[in-house]
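Comments concern the structure below.
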Amino acid sequence: MAAEYFVHSFHKAVRMFPKPKSVLVPNTLAYESEPMVKATGFREYDARWLFGKEINLMGIQALGMGLGALIAELGQKQEIVTGHDFRGYSSSIKYALISGLLASGCKVHDIGLCMTPMAYFAQFELDVPCVAMVTASHNDNGWTGVKMGANRPLTFGPDEMTRLKEIVLNADFKNKVGGSYQFHENFPARYIADLTNRAKLKRKLKVVVACGNGTAGAFAPQVMEAIGCEVIPLDTELDHTFPKYNPNPEDMKMLHAIRDAVLEHKADVGLGFDGDGDRCGVVDDTGEEIFADKVGVMLARDMSAIHKDAHFVVDVKSTGLFVTDPVLQKQGAKVTYWKTGHSYMKRRTNELGALAGFEKSGHFFFNAPMGRGYDDGLISAIAICEMLDRAPGKSLADLKDALPKTWSSPTMSPHCADETKYGIVDSVVKHFETARAKGEKVAGQPIRDLVTVNGVRVTVEDGSWGLVRASSNKPELVVVVESPVSEQRMRDMFEAMDSVLRTHPEVGEYNQKI
């Protein structure tokens, strides 16, 4: 009788779980008594909020209940891997998420502190279909988020995220008893063993391993040593205050710190990992940072020499060399440009059975034999070292200099509110579509090609191109330009793209410029 009363009371309680509010004031009764979930935190392929300002712990609990309901709705077994990155608040957020997952009836496999790719690996290692990794990746402190999936190795896309948003904001939960919890002790050892179960490098490489005091610092040095590298650790001590810079391998502060360490130690390569370890940035032996899309071209050359008719997927922010490089053409490599975003790229690489996918942000997706289709910064690092191992007598700078010359910008991100950014991008797309229809010139030349699968990528007659798209996880736009002709032509393309953006007063200042 007591058990029946408990079940009845439980169901009555969960039916009464309040709908989340979009705004609550911290340090009030309401903040401690009601869930808060700002709608804009549901992004295109994961979730990101400013913790305390846009979501509270009860809101995170609601997210867990909503995720459990969505998993059931998708027809998937309610069994899920959870983990958290190294931030001061990530552990408490994960346990709030777990409480919601348990209420929804999920069996939760907790692997503790980990990198995001370790959680993806756990789906295969533990034979669990779903994942919910608590991480804000490279975002500034104060941010939190969750990367989710219910069909390994894929993560959620817009359809799943839209449905999850509906369930959570409407408190449309389908909670039931039967949830359970299991902690997997020392799970990282299994991940490290899997990564390092390969032939050691023949070439002794001196490698700077930079982690920006983020989560990868607990694991990356050990992995790189195990494959045969001499490791020079840089900011590998875990410190969630990020005292020097954000762990973001696209950030010039981090890249310059890696450069200085490479030159000081006369290293063969510098490898920088982001806050949750799914991306890897590269600095060559001369101290020059190599943007990830150029690294992708180098890896595509190396891999297509081994694998006949290799197919690669690259995002719209990436260099045009994937199409024009004579070595890739000679080796029969096929390339597909696709939407920016780790979920989009992962899905497309999987759908096409491509050998690998390369994203300019540093998310690389290796299918067999190198990987399982998900993005893992350590697998990328291993691939780079193995590429050098197959090029005796050549430095990373030699391999980079063998590429046709192009002038590329970093990824530039002017501020733009989440509520307005997509409308502005739609307007920019229409502007360039109209310009092409009227035969108008951009940066002094006719438009040769427009790619509009993700914002707009405008290529003019001499091969120079510019991209404008909306960031999928921050209140920003994304601008990238490149020219195969000269630095001046690259700057011309930037001025052309920026002049259109400046017609929209909602677009703010850039985080960095060329």
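The values are calculated or read from the model by the stated rules, or taken from the named source; none is laboratory data. All values derive from a computational prediction rather than experimental measurement. Here Cβ is always computed from backbone atoms with ideal geometry, including for glycine, and neighbour counts include all displayed protein chains. Side chains included, ligands, DNA and RNA excluded: accessible areas come from the protein's heavy atoms. Shrake-Rupley method; radii C 1.70, N 1.55, O 1.52, S 1.80 Å.
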(request) Find, to one decimal place in angstroms, the Kirkwood hydrodynamic radius of the range 4-136, where the mean of 1/r is taken over every pair of different Cα atoms and then inverted. (result) 15.5 Å
(request) Give the long-range amide H neighbours of HIS504: residues separated by 5 or more places, or on another chain, with amide H under 5 Å away, using H modelled in the peptide plane at 1.01 Å from N. (result) none
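Of the chain, which part is the longest with no GluC sites (Glu not before Pro) in a loop (DSSP not H, G, I, E, B) and with at most 16 other C-beta atoms within 10 angstrom?
On the way: sites that count: GLU185, GLU237, GLU288, GLU440, GLU461, GLU506, GLU509.
Free of exposed loop sites, the longest segment is 1-184.
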(request) Using only alpha carbon pairs under 8 Å that are at least six residues apart, calculate the relative contact order of the range 321-428 and give it in whole percent. (result) 14 percent
(message) Please list, in order along the range 450-459, the HN-Hα scalar couplings obtained from phi with the Karplus expression 6.51 cos²θ - 1.76 cosθ + 1.60 (θ = phi - 60°), rounded to whole Hz, x for Gly and Pro.
(response) 10, 10, 10, 6, 7, x, 9, 10, 9, 10
(message) Regarding the range 216-275, what's the average projected area of the Cα-atom convex hull, expressed in nm²?
(response) 4.0 nm²
(message) To check my understanding: the extent here is largest minus smallest coordinate of the Cα atoms along each principal axis. What are those three numbers for the chain, in Å, largest first?
(response) 78, 58, 42
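If you take every DSSP beta bridge whose two residues both sit in the chain, what share of them, in percent to the nearest 5, is antiparallel? The partial results should precede the final answer.
Values: 41 of 74 bridges.
Counting only bridges with both partners in the chain, antiparallel ones make up about 55 percent.
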(message) Averaged across orientations, what area in nm² does the convex hull of the alpha carbons in the range 235-392 project?
(response) 9.3 nm²
(request) For the range 327-342, just list the computed ³J(HN,Hα) in residue order, Karplus coefficients 6.51, -1.76 and 1.60, θ = phi - 60°, integers in Hz, with x standing in for Gly and Pro. (result) 5, 4, 4, 5, 7, x, 6, 10, 10, 10, 7, 9, 5, 5, x, 4
(request) Any lysines with Cα under 28 Å of the LYS206 Cα? List them, leaving off those in the same chain fewer than 8 positions away. (result) LYS244, LYS253, LYS266, LYS294, LYS360, LYS394, LYS400, LYS405
(request) Can you spot the lysines whose alpha carbon is less than 25 Å from LYS77's alpha carbon? Ignore those fewer than 8 places along the same chain. (result) LYS12, LYS94, LYS107, LYS147, LYS165, LYS174, LYS176, LYS346
(message) Treating only the Cα positions of the range 353-438 as identical point scatterers, give the base-10 log of I(q)/I(0) from the Debye formula at each q in 0.11, 0.13, 0.21, 0.25 Å⁻¹.
(response) -0.58, -0.75, -1.08, -1.22
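Once the Cα gyration tensor of the range 125-195 is found, what semi-axes does its equivalent ellipsoid get, as square roots of 5 times the eigenvalues, in whole Å, sorted largest first?
Semi-axes from the Cα gyration tensor: 25, 19, 14 Å.
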(request) Using Cα pairs closer than 8 Å and at least 6 residues apart in sequence, work out the relative contact order for the chain, in percent. (result) 11 percent
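Let's test the formula: R0 of 41 Å, r as the Cβ-Cβ distance of LYS253 and TYR181. What FRET efficiency results, to the nearest 0.05?
Values: r = 40 Å, r/R0 = 0.97.
E between LYS253 and TYR181, to the nearest 0.05, is 0.55.
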(request) Tell me the trypsin sites (Lys or Arg not before Pro) within the range 257-335 that lie in a loop according to DSSP and have at most 10 other beta-carbon atoms within 10 Å. (result) LYS266, LYS308
(message) Rounded to whole Å, give me the distance from the Cα center of the range 302-356 to that of the range 160-192.
(response) 33 Å
(request) Largest first and to the nearest Å, give the Cα extent of the range 290-339 along each principal axis. (result) 26, 21, 15
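In Å³ and rounded to a whole number, note down the convex hull volume per residue for the Cα atoms of the range 417-497. It would help to have the intermediate numbers written out before the result.
Details: hull volume 6.7 nm³, N = 81.
Per-residue hull volume (Cα only) is 83 Å³.
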(message) With a cut-off of 8 Å between alpha carbons and a minimum separation of six or more residues, what is the relative contact order of the range 132-207 in percent?
(response) 14 percent
(request) Report, by chain and number, residues whose modeled amide H sits under 5 Å from the one on VAL485, excluding near sequence neighbours (fewer than 5 apart, same chain). (result) TRP407
(message) If I histogram all Cα-Cα distances within the range 92-219 using bins 5 Å wide from 0, what percent of pairs lands in each bin?
(response) 2, 8, 15, 20, 21, 14, 9, 6, 3, 2, 1, 0
(message) 5 Å is the cut-off here: which amide hydrogens, built 1.01 Å from N in the peptide plane, fall below it relative to ASP278, excluding neighbours closer than 5 in sequence?
(response) THR116, GLY377
(message) Give me Rg/Rg_expected for the range 156-227, where Rg uses Cα atoms only and Rg_expected = 2.2 N^0.38 Å with N residues.
(response) 1.83
(request) Mind computing the radius of gyration and Dmax over the alpha-carbon atoms of the range 263-306? Å is fine for both. (result) 11.9, 34
(request) Determine by what factor the alpha-carbon radius of gyration of the range 155-194 differs from 2.2 N^0.38 Å, reporting the quotient. (result) 1.85
(request) Report in % the part of the accessible area of the range 16-57 that belongs to carbon and sulfur, leaving out ligands and nucleic acids; probe 1.4 Å. (result) 63 percent
(message) Roughly how far apart, in whole Å, are the Cα centres of the range 498-514 and the range 454-474?
(response) 14 Å
(message) Whole-Hz ³J(HN,Hα) for each residue in the range 161-168, computed from phi via Karplus 6.51 cos²θ - 1.76 cosθ + 1.60 with θ = phi - 60°, x for glycine and proline: what do you get?
(response) 5, 5, 5, 4, 4, 4, 4, 5
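Could you do me a favour and compute the accessible area per residue for the chain, 1.4 Å probe, result in Å²?
Numbers: 19770 Å² over 514 residues.
Ligands and nucleic acids excluded, the result is 38 Å² per residue.
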